[in-house]
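So the structure is just underneath, and the comments pick up after that.
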Amino acid sequence: MYQLIIFLLGIPAIMVATTIHEFTRAAVSTALGDSLPKERGRLTLNPLRHFEPIGLILMLACGFGWGKPVETSGLRYKNRNRGVLLTAILPTAANLVFAFVFMFLASAVSNIVLLSSFFVRIAYYCCCLVVYNFIPVEPMDCVKVLSVLMPANTYFKFIQYEKMIQMIFLLLLFFGLSGFFVGIADTLYYGIAAVVL
């Protein structure tokens, strides 16, 4: 019964971790002059506004997932390349910071088992988001970084195969590739735990 409760705690924990990620993107893009996130109702900490069912189910099942991506408009930035990089990199950086924060909170309330377990789950899923956003597959943020760093012609050739790359990657996840990335996320998670606890 306890294990079932811990498993179910993963649902709100994922929603918190993905909300941190997507709200950070919305806030950064807004700060850079983009009004689109606010217009679409994404400049909010309400987890339901950032909820993406497929991303949540996948993350619960195999550790790989995402929230509902925030739409941004790079055309509204004063410096487009800088703005795109910041809105791509800072959400992942926020997840890394909050992995430390929630691990510390878990330690601080270790006598309250369920609350501590909940904070640990959030920290873990924050680590998952950090790792997976380095993968150059939509909707991961690495693709946005590549849009700035790669030559335009090379990038456009790359995104022509976007759907195919997604399908192949998801198939590989279901056939065991997820274990490789979960291993990296676990290493990051235990590294943070070793520092904080």
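To keep it simple, each residue is scored yes or no on (1) closer than 23 Å to residue 191 by Cα; (2) touching a Pro at 6+ places or on another chain (Cβ under 8 Å).
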{"position": "29", "(1), (2)": "no, yes"}
{"position": "36", "(1), (2)": "no, no"}
{"position": "39", "(1), (2)": "no, no"}
{"position": "54", "(1), (2)": "no, no"}
{"position": "60", "(1), (2)": "yes, no"}
{"position": "67", "(1), (2)": "no, no"}
{"position": "79", "(1), (2)": "no, no"}
{"position": "96", "(1), (2)": "yes, no"}
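Just so you know, in segment 187-197 the residues that are free of Cβ contacts under 8 Å to residues at least 40 places away in the same chain and surrounded by 10 or more Cβ atoms within 10 Å (Cβ to Cβ) include one that is farthest from residue 86 (Cα to Cα), and it is 190. Against the numbered list (1) closer than 17 Å to residue 8 by Cα; (2) at pLDDT below 95, residue 147 comes up short only at (1). Of the residues making up segment 56-92, those that are in contact (Cβ under 8 Å) with a residue 40 or more places away in the chain, of a type in the set (A, V, I, L, M, F, W, C), assigned to a helix (DSSP H, G or I) and within 24 Å of residue 33 (Cα to Cα) are 84, 85, 86, 88, 89, 90. Whenever a residue of segment 146-165 is touching a residue at least 40 places away in the same chain (Cβ under 8 Å) and within 19 Å of residue 86 (Cα to Cα), its partners that are of a type in the set (Phe, Trp, Tyr) and surrounded by 10 or more Cβ atoms within 10 Å (Cβ to Cβ), lying with C-beta atoms within less than 6 angstrom and at least six residues away or across chains, give the pairs 147/155. If I filter segment 144-197 down to residues being polar (S, T, N, Q) and in contact with a helix residue (DSSP H, G or I) (Cβ under 7 Å, 6 or more places away or on another chain), which single residue comes out as nearest to residue 91 (Cα to Cα)? Looking at the filtered set, the residue picked out is 147.
Yes or no: segment 94-116 includes at least one residue that is assigned to a helix (DSSP H, G or I), touching a Lys or Arg at 6+ places or on another chain (Cβ under 6 Å) and buried (at least 22 other Cβ atoms within 10 Å of the Cβ). There is no residue in segment 94-116 that is assigned to a helix (DSSP H, G or I), touching a Lys or Arg at 6+ places or on another chain (Cβ under 6 Å) and buried (at least 22 other Cβ atoms within 10 Å of the Cβ). When restricted to residues that are hydrophobic (A, V, I, L, M, F, W, C) and not in a helix (DSSP H, G or I), segment 2-43 contains 2.
Given the condition of a type outside the set (Val, Ile, Thr) and under 18 Å from residue 54 (Cα atoms), answer yes or no: does some residue in segment 179-196 qualify? No: zero hits. Taking segment 66-88 on its own, how many of its residues are closer than 25 Å to residue 10 by Cα and surrounded by fewer than 22 Cβ atoms within 10 Å (Cβ to Cβ)? Looking only at that region, the number is 2.
Residue-wise test of (1) surrounded by fewer than 17 Cβ atoms within 10 Å (Cβ to Cβ); (2) among the hydroxyl-bearing types (Ser, Thr, Tyr); (3) closer than 16 Å to residue 66 by Cα; (4) out of contact with any Ser or Thr (no Cβ under 9 Å at 6 or more places or on another chain).
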| residue | (1), (2), (3), (4) |
| --- | --- |
| 3 | yes, no, no, yes |
| 8 | yes, no, no, yes |
| 14 | no, no, yes, yes |
| 17 | no, no, yes, yes |
| 25 | no, no, yes, no |
| 28 | no, no, no, no |
| 34 | no, no, no, no |
| 41 | yes, no, no, yes |
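The values are calculated or read from the model by the stated rules, or taken from the named source; none is laboratory data. What you see is a predicted model; the values in this text were computed from it and never measured. Positions of Cβ are generated from backbone atoms using ideal geometry, with glycine treated the same way; all protein chains shown enter the neighbour counts.
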